[in-house]
Amino acid sequence: SVISNLHADDAPSQMEYSLKLWEEIMMGLYEVIISQLVLYEVRRCPEPKLSVLSNYLDKVEYDELEMDVDIAILAQKYIDDGIIPVKYREDALHIAAATVNN
């Protein structure tokens, strides 16, 4: 994810793209919408990554998407229909959250 890749020393090209996008976000070029799932994932990060990512988030305004039953149902449909493998359930939830919330 963009947020996780802001501090991804093991994936320098992904980190570079994420940092460039974050600069544009800081300039107000994009509306930022983050699901509760993303915030939960950030909170699970070990230090020092947790502090670094939290610092990034503290510097921007964002709307928070609540995870609800419609999202869970759609994510499960993606899995059941073979669109997304079960081992990527969290990715299915991210996609479903974006879809349900347009």
Size of electric dipole in the chain: Cβ of Lys, Arg +1 and of Asp, Glu -1, about Cα centre, debye, nearest 20: 280
Fraction in percent of alpha-carbon pairs per bin - 10 Å, the chain: 15, 40, 35, 10, 0
From phi via Karplus (6.51, -1.76, 1.60), per-residue ³J(HN,Hα) for the range 30-44 in Hz, x at Gly/Pro: 9, 8, 9, 10, 10, 7, 4, 5, 4, 5, 5, 4, 4, 5, 7
For the range 95-102, 3J(HN,Hα) per residue [Karplus equation, 6.51 cos²θ - 1.76 cosθ + 1.60, θ = phi - 60°, Hz, x = Gly/Pro]: 5, 5, 4, 5, 5, 4, 9, 6
Candidate aspartates and glutamates for bridging to Lys20, where Cα separation is under 16 Å - those fewer than 8 sequence places away on the same chain excluded: Asp9, Glu31
Probe 1.4 Å, protein heavy atoms only - accessible area per residue of the chain in square angstrom: 67
FRET efficiency estimate (nearest 0.05) - Cβ-Cβ, Asp9 to Val100, R0 35 angstrom: 0.55
Eligible aspartates and glutamates near Lys77 by straight Cα distance, threshold 18 Å, same-chain separation 8 or greater: Asp68, Glu90, Asp91
Ile33 long-range amide H proximity, modeled H, under 5 Å: Asp63
In the range 6-102, the trypsin sites (Lys or Arg not before Pro) that fall in loop regions by DSSP, at most 15 other Cβ within 10 Å: Arg44, Lys59
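The values are calculated or read from the model by the stated rules, or taken from the named source; none is laboratory data. Note that this is a predicted model, so its numbers are computed, not measured. Reconstructed Cβ throughout: ideal geometry from the backbone, glycine too, with neighbour counts over all protein chains shown. The accessibility values were calculated without ligands, DNA or RNA, using every heavy atom of the protein model including side chains. Shrake-Rupley method; radii C 1.70, N 1.55, O 1.52, S 1.80 Å.
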